[in-house]
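The values are calculated or read from the model by the stated rules, or taken from the named source; none is laboratory data. For clarity, every value in this text was computed on a predicted model and none was experimentally measured. Cβ: placed from backbone, ideal geometry, glycine included. Neighbour counts: every protein chain shown.
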Ligand SMILES: [Mg+2]
C-alpha cells in the first residue's frame, strides 16, 4: 500500500530557517550584556532603581537557574515571574514583554536567515504545501515571530507553535501534533523537518510524520527518512515524494 501524499510541512526554526548565532537561541555573552545595559537604561528612564548586580539577582540569576532544568521539566522556564520581581524590587511600571524586547533587541538584530530559506518557503507554498513552524525557544514566541517577519519568513506559515507558549518542548510529539491539528492534517500526510535528530526527528517520528534531517553537528537520535544539506533542497525533495 502506498503512503498518502504529503500535504503539510512542519519546520523547525533555529538552524533551518534562521541562524540563531548560538545553540540557546537567546542573548548570551556580549549581546546579553548589551541587552542588560539597555534594560538598565529603560528601568532608569521609567524611574526605577537597579544596578547591574541587582538585575542579575532579581531577574537573570533565578530565571537562568530555572532555565537550566528545562530538559528535566520538559518545558521552558517561565521568565514572567522574574520580570515581575524585578519591577517590584526596582520600583517601576512596565509591561513584562516590553522589558524582554529591550533585552532581546541587540541579539535579535544579529540573527540572520539561512541562505535560500525565504525562497524555499515560497516555493513550497507555490507547490501547494501548507506550512507549520514547530520550534523550541526559551522565550515568548512573539520575540521570534518578529525575527521571522523581519526577514520575510513569517508570511508563508499558517501556524506557529513555539515551545515557550505551548508549555511543551520537542522531542515531545505534542508540539508537532498541535501544529497538525491547526493545519487540519493527518500525521501520515505530513513531514517534520529539523536540524536535530534528538529533538526534531524524534518528535516527528513519535507524532507519526515522515522526517527530514537538515544535516548538522547534532547527529544523535533516530534515523530520518531523508537527509538534506539545507532547507533550500527541501522543495525538490518533497516534489519527488509527491
Ligand atoms: Mg533547530
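Which residues, taken from segment 1-60, are within 16 Å of the ligand (Cβ to nearest atom) and loosely packed, with under 13 Cβ neighbours inside 10 Å? Passing the criteria: only 23.
Listed here are the helices (runs of 4 or more DSSP H) enclosed by segment 49-125 that have at least 1 residues being at pLDDT 95 or above: 52-55, 61-67, 80-90, 96-108. Filtered by the rule that a residue be within 15 Å of the ligand (Cβ to nearest atom), part of a helix (DSSP H, G or I) and buried (at least 19 other Cβ atoms within 10 Å of the Cβ), segment 180-209 gives 197, 199, 200, 201, 202, 203, 204. Looking across segment 152-170, the residues that are in contact (Cβ under 8 Å) with a residue 40 or more places away in the chain and either over 21 Å from residue 234 (Cβ atoms) or more than 16 Å from the ligand (Cβ to nearest atom) (or both) come down to 163, 164, 167, 168, 169. When residue 235 is tested against (1) away from the ligand (no atom under 15 Å from the Cβ); (2) over 22 Å from residue 115 (Cα atoms); (3) in contact with a helix residue (DSSP H, G or I) (Cβ under 9 Å, 6 or more places away or on another chain), only condition (2) is not met.
Tell me, yes or no, whether segment 130-143 has at least one residue that is in a helix (DSSP H, G or I), surrounded by 17 or more Cβ atoms within 10 Å (Cβ to Cβ) and out of contact with any helix residue (DSSP H, G or I) (no Cβ under 6 Å at 6 or more places or on another chain). No, there is no match, as no residue in segment 130-143 is in a helix (DSSP H, G or I), surrounded by 17 or more Cβ atoms within 10 Å (Cβ to Cβ) and out of contact with any helix residue (DSSP H, G or I) (no Cβ under 6 Å at 6 or more places or on another chain).
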